[in-house]
Amino acid sequence: MTASRPGAPDRAGWKVWVAVAAGGFAGTEGRYLLSLLFPEPAGSFPWTTLTINVVGSFLLGLLTVRWSGGARSPRWVQAAVGPGLIASFTTFSAITLTGVIQPDLLLPYLGVSVVLGLAAAAAGMALGRKKSA
């Protein structure tokens, strides 16, 4: 057995670490692609970002229930999809940037994002429970 630094991934942990990085790359590229396909003109409500965040909340809620209910997926797959793909796809930095660029839209956007994000996560979890039953 070799000693490693505290917090450093062990041999099996490297697979998870690489999976999160690959998922993160895919999530950020997906977000960027959607921003190119559906640009948000200056001064307009950030519908594309809101949609990305709500869809991501739904998917994370759905997958959380599926995985906690015993759905069989390797740990590295769960890491790639959850904290990798979905977390990078739905990043809080987009909300903060909106607040800096369009301060008049920050509170309405933040409110709508939180309410719809919570509703989407709950809907995803409900769907996940229904499919598990």
Revision key, fill the gap. CD proxy, 222 nm, the chain: helix-only mean residue ellipticity via -39,500 (n - 2.57) per DSSP H run with n ≥ 4, per residue, nearest 500, stands at -24000 deg cm²/dmol
**Study point:** Fluctuation leader among Val20, Val54, Val115 - the chain, Gaussian network, Cα springs under 10 angstrom
**Key:** Val115
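Answer rounded, prolate or oblate for the chain, using the Cα gyration tensor with square roots of eigenvalues a ≥ b ≥ c: rounded when a/c is under 1.5, else prolate when a/b is larger than b/c, else oblate.
oblate
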Review point. Which FRET efficiency, nearest 0.05, do Val77 and Ala126 yield, Cβ-Cβ r, R0 25 Å?
Key: 0.60
Point to revise | Span per principal axis, largest first, for the Cα atoms of segment 50-122 (Å) | key: 45, 21, 13
Check your understanding: Taking θ as phi - 60°, what are the ³J(HN,Hα) couplings along segment 19-26 by the Karplus curve (6.51, -1.76, 1.60), each to the nearest whole Hz, with x for Gly and Pro?
Key -> 5, 5, 4, 5, x, x, 4, 5
Exercise for review: Any chance you could give the angle, 0 to 90 degrees and rounded to 10, that helix 92-101 forms with the longest Cα principal axis of the chain?
Suggested key: 20
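Laboratory data are not the source of any read-out in this text; all were calculated from the coordinates shown. All figures in this text were calculated on a predicted structure; none of them were measured in a lab. Neighbour counts run over all protein chains shown; Cβ positions are idealised from the backbone, glycine included.
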